[in-house]
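Student: Can you read through this structure? Questions will come right after.
The values are calculated or read from the model by the stated rules, or taken from the named source; none is laboratory data. Nothing here was measured: the structure is a model prediction, and the numbers come from that model. Here the Cβ positions follow ideal geometry from the backbone for every residue, glycine too, while neighbour counts run over all protein chains shown. Note: areas computed on protein heavy atoms with side chains; ligands, DNA, RNA excluded. Shrake-Rupley method; radii C 1.70, N 1.55, O 1.52, S 1.80 Å.
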Amino acid sequence: MRLTSEKALEMLENAKGKTIDDGWIYHSICAGNCAARIAEALNLDVEKARALGYIHDIGKLVGDYQDHIMNGYLYLKELGYDEDYYNICLTHSYLNNDYLCTAAGIPRNIPFRTEFIKNHKYTIYDKIINLCDLMCTSVITTVDKRLIDVITRRGAYYNTQYHVKETYKLKQYFDDLLGYNLYDLFPEIKENL
């Protein structure tokens with residue numbers, strides 16, 4: 001079943017006040033809107049990109065924040081949504097098909113997740129959500145500012161440098177696809193610095 005951006009946004013709106021902090025909701029809305037703008041510039045399915053961005057952190061609604069990746073995957077799968085929607089819950093935090101390439105510190109080795117990330121063929125939508133997750137707080141910003149935000153809150157680990165380097169490669173990948181600096185799509189970035 002396809003998940004519309006309207007339904008995904010409704011899920012986020014209904015989540016307000018039901019978790020420790022609503023910050024993830026505003027982050028998810030920002031990520032969805034960011035993804036839609038990138039998808040439009042690349043002539044992709046804007047609706048799908050927006051819905052994926054909105055829903056990528058939904059696991060924070062249904063369980064412990066630390067387990068939001070698996071919780072979101074299982075939650076959306078159980079609701080009967082198409083695999084692209086529940087898979088984004090798994091892929092959004094990991095670059096390069098590597099569960100160690102994450103900003104969240106040293107991940108626990110959950111065998112299913114580790115194998116999924118290793119073997120999943122990342123789509124352009126997976127990559128867009130990877131990037132938007134790394135460009136959004138509650139507002140759109142540069143990957144530099146977002147990475148500093150994450151490192152300040154979560155700390156630096158042995159995999160942090162690797163993740164930072166791969167984040168810049170991902171941003172460059174989209175610059176190359178577009179033929180110009182991705183940030184040109186987001187003039188409001190200057191206001192959010």
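Student: For the range 1-54, how many residues are of a type in the set (A, V, I, L, M, F, W, C) and over 27 Å from PRO187 (Cβ atoms)?
Tutor: Narrowing the range 1-54 to residues of a type in the set (A, V, I, L, M, F, W, C): 1, 3, 8-9, 11-12, 15, 20, 24-25, 29-31, 34-36, 38-39, 41-42, 44, 46, 49, 51-52.
After this cut, where a residue has to be over 27 Å from PRO187 (Cβ atoms) as well, the list is 1, 3, 11, 15, 20.
Number of matching residues: 5.
Student: Which one is most open to solvent (accessible area, probe 1.4 Å), of the residues in the range 6-21 that are of a type outside the set (Lys, Arg) and out of contact with any Leu (no Cβ under 9 Å at 6 or more places or on another chain)? Even if it seems obvious, please write down each step before you answer.
Tutor: Kept after step one, since they are of a type outside the set (Lys, Arg), are these residues of the range 6-21: 6, 8-15, 17, 19-21.
Narrowing the set further to residues that are out of contact with any Leu (no Cβ under 9 Å at 6 or more places or on another chain) leaves 6, 9-10, 13, 17, 20-21.
Numbers: GLU6: 120, LEU9: 56, GLU10: 89, GLU13: 82, GLY17: 66, ILE20: 158, ASP21: 86 Å².
The qualifying residue most open to solvent (accessible area, probe 1.4 Å) is ILE20.
Student: Right, something else. Spot the failing condition for SER138; the list is (1) in contact with a Phe, Trp or Tyr (Cβ under 6 Å, 6 or more places away or on another chain); (2) at pLDDT 95 or above; (3) part of a helix (DSSP H, G or I), and only one is missed.
Tutor: With respect to (1) in contact with a Phe, Trp or Tyr (Cβ under 6 Å, 6 or more places away or on another chain); (2) at pLDDT 95 or above; (3) part of a helix (DSSP H, G or I), SER138 is out only on (3).
Student: Restricting attention to the range 60-67, does a residue exist that is among the acidic types (Asp, Glu) and in contact with a helix residue (DSSP H, G or I) (Cβ under 6 Å, 6 or more places away or on another chain)?
Tutor: no
Student: Can I ask one more? Any residue in the range 163-182 that is farther than 21 Å from GLY53 by Cβ, of a type outside the set (S, T, N, Q) and either touching a residue at least 12 places away in the same chain (Cβ under 8 Å) or buried (at least 18 other Cβ atoms within 10 Å of the Cβ) (or both)? Can you show your working first?
Tutor: The first filter runs over the range 163-182 and keeps only residues farther than 21 Å from GLY53 by Cβ, leaving 164-165, 176, 179-180.
Next, from what is left, pick out any that are of a type outside the set (S, T, N, Q): 164-165, 176, 179-180.
Now drop any that are not either touching a residue at least 12 places away in the same chain (Cβ under 8 Å) or buried (at least 18 other Cβ atoms within 10 Å of the Cβ) (or both), which leaves 164.
Looking for residues that are farther than 21 Å from GLY53 by Cβ, of a type outside the set (S, T, N, Q) and either touching a residue at least 12 places away in the same chain (Cβ under 8 Å) or buried (at least 18 other Cβ atoms within 10 Å of the Cβ) (or both), one finds at least one in the range 163-182, hence yes.
Student: Just checking, how many residues over the range 52-86 are surrounded by fewer than 24 Cβ atoms within 10 Å (Cβ to Cβ) and touching a His at 6+ places or on another chain (Cβ under 9 Å)?
Tutor: Residues in the range 52-86 being surrounded by fewer than 24 Cβ atoms within 10 Å (Cβ to Cβ) and touching a His at 6+ places or on another chain (Cβ under 9 Å): 2 in total.
Student: For ARG2, are the conditions met, namely being in contact (Cβ under 8 Å) with a residue 12 or more places away in the chain, open to solvent by 50 Å² or more (accessible area, probe 1.4 Å) and part of a helix (DSSP H, G or I)? Explain how you work it out, then say what you get.
Tutor: Numbers: in contact (Cβ under 8 Å) with a residue 12 or more places away in the chain: yes; open to solvent by 50 Å² or more (accessible area, probe 1.4 Å): yes; part of a helix (DSSP H, G or I): no.
Here the answer is no, as ARG2 does not meet what is asked.
Student: While we're on this one: For the range 88-103, does any single residue satisfy the condition of being open to solvent by 60 Å² or more (accessible area, probe 1.4 Å) and free of Cβ contacts under 8 Å to residues at least 40 places away in the same chain? Outline the logic, then answer.
Tutor: Kept after step one, since they are open to solvent by 60 Å² or more (accessible area, probe 1.4 Å), are these residues of the range 88-103: 96.
From the residues that got through so far, the ones that are free of Cβ contacts under 8 Å to residues at least 40 places away in the same chain too are none.
No: zero hits.
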